[in-house]
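**Q** Could you have a look at this structure, given as structure tokens, before my questions?
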Amino acid sequence: MFEGHDTTAVAITWALFLLGNNPEHQEKVHEELEEVFGNSDAPITVKDLPQLKYLDRVIKETLRLFPSVPLIMRQLTEEVKLDNYTLPKGALVTIAIQLAHQNPEVWPDPLKFDPDRFLPENSKLRNPYAYVPFSAGPRNCIGQRFAQLEEKIVLSAILRKWRVKSVKTFDTIKYGGSVILRPSESVLMYLIPKN
């Protein structure tokens, strides 16, 4: 079991890092925030959250590329046959979420940051288990909805005031970890005031 503060903080870091490397997508987030909030400094409300559809797709794409928990384990409750292999009941199985999220048979150009992968028309034919950043089924993360709302609130608060520019790129940033997929170096970025 994981507490949501560390996994959520890492997900927010990755989202800012990816937006800082993809100014065209960051601009779309800024446009959406201006449509919803205008020049207001009013705090975000529960009514505002569903309007942030592009930001929602940015968060989903971030978690596809950098799932907070890249590996999960399950114990089989029954024998499972996969092709010519039989996995016995009781076996521990490791599910590599990060590898599944970067499978080129499911995700064309899998290392490209593309929030529009999560448009309804692009998602409808995808197997629901192809994207499982919070696991799935009866053992999925009970804090999933809370984490997504928290990420949306924090990212919108930052991006309403700032533009971000990452120092490192996707192919030069070092990351790893055992339980949580986190940067193994500082994620440096420039914060540029929007006004």
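The values are calculated or read from the model by the stated rules, or taken from the named source; none is laboratory data. None of these values were measured; they are calculated from a predicted model. Heads up, the Cβs are rebuilt from the backbone with ideal geometry, glycines too, and the neighbour counts pull from every protein chain shown.
**Q** So which of V164, V106 ends up being β-branched (V, I, T) and part of a strand (DSSP E or B)?
**A** Testing whether each residue is β-branched (V, I, T) and part of a strand (DSSP E or B) leaves just V164.
**Q** Take the residues in the range 126-152 that are part of a loop (DSSP other than H, G, I, E, B), touching a helix residue (DSSP H, G or I) at 6+ places or on another chain (Cβ under 9 Å) and of a type outside the set (F, W, Y), then tell me which one is surrounded by the fewest Cβ atoms within 10 Å (Cβ to Cβ).
**A** Within the range 126-152, the match that is surrounded by the fewest Cβ atoms within 10 Å (Cβ to Cβ) is R126.
**Q** Test of understanding: among G20, G90, which residue is in contact (Cβ under 8 Å) with a residue 12 or more places away in the chain, under 30 Å from Y175 (Cβ atoms) and of a type outside the set (S, T, Y)?
**A** From the options G20, G90, the qualifying one is G20.
**Q** For residues that are surrounded by fewer than 18 Cβ atoms within 10 Å (Cβ to Cβ) and either touching a His at 6+ places or on another chain (Cβ under 6 Å) or farther than 13 Å from R160 by Cα (or both), tally how many sit in the range 25-47.
**A** Residues flagged as surrounded by fewer than 18 Cβ atoms within 10 Å (Cβ to Cβ) and either touching a His at 6+ places or on another chain (Cβ under 6 Å) or farther than 13 Å from R160 by Cα (or both) within the range 25-47 amount to 3.
**Q** In this structure, is K28 over 26 Å from I142 (Cα atoms), part of a strand (DSSP E or B) and over 15 Å from the mean Cα position of the chain (by Cα)?
**A** No: the conditions fail for K28.
**Q** Looking only at the range 150-157, decide whether some residue is free of Cβ contacts under 8 Å to residues at least 12 places away in the same chain, charged (D, E, K, R) and in contact with an Asp or Glu (Cβ under 8 Å, 6 or more places away or on another chain).
**A** no
**Q** Pairs, please: C-beta under 9 Å, at least 6 apart or cross-chain, first residue more than 9 Å from F118 (Cβ to Cβ) and in the range 48-59, second at pLDDT below 95 and of a type in the set (V, I, T)?
**A** L52/I44
**Q** Residues I180, I97: which one is surrounded by 15 or more Cβ atoms within 10 Å (Cβ to Cβ), without any contact (Cβ under 8 Å) to a residue 60 or more places away in the chain and under 14 Å from the mean Cα position of the chain (by Cα)?
**A** Sole residue among the options that is surrounded by 15 or more Cβ atoms within 10 Å (Cβ to Cβ), without any contact (Cβ under 8 Å) to a residue 60 or more places away in the chain and under 14 Å from the mean Cα position of the chain (by Cα): I97.
**Q** Could you tell me which residue of the range 63-93 is surrounded by the fewest Cβ atoms within 10 Å (Cβ to Cβ), considering only residues that are under 20 Å from the mean Cα position of the chain (by Cα) and in a loop (DSSP other than H, G, I, E, B)?
**A** Checking each candidate, the answer is V69.
**Q** A further question on this structure: Since F118 meets every condition but one in (1) among the aromatic types (F, W, Y); (2) surrounded by 10 or more Cβ atoms within 10 Å (Cβ to Cβ); (3) more than 25 Å from I44 (Cβ to Cβ), which condition does it not meet?
**A** Here F118 meets the rest and fails (3).
**Q** Going through the range 147-195 one residue at a time, which ones are within 25 Å of P50 (Cβ to Cβ), out of contact with any strand residue (DSSP E or B) (no Cβ under 7 Å at 6 or more places or on another chain) and of a type outside the set (D, E, K, R)?
**A** A147, Q148, L149, I153, V154, L155, S156, A157, I158, L159, listed by residue number.
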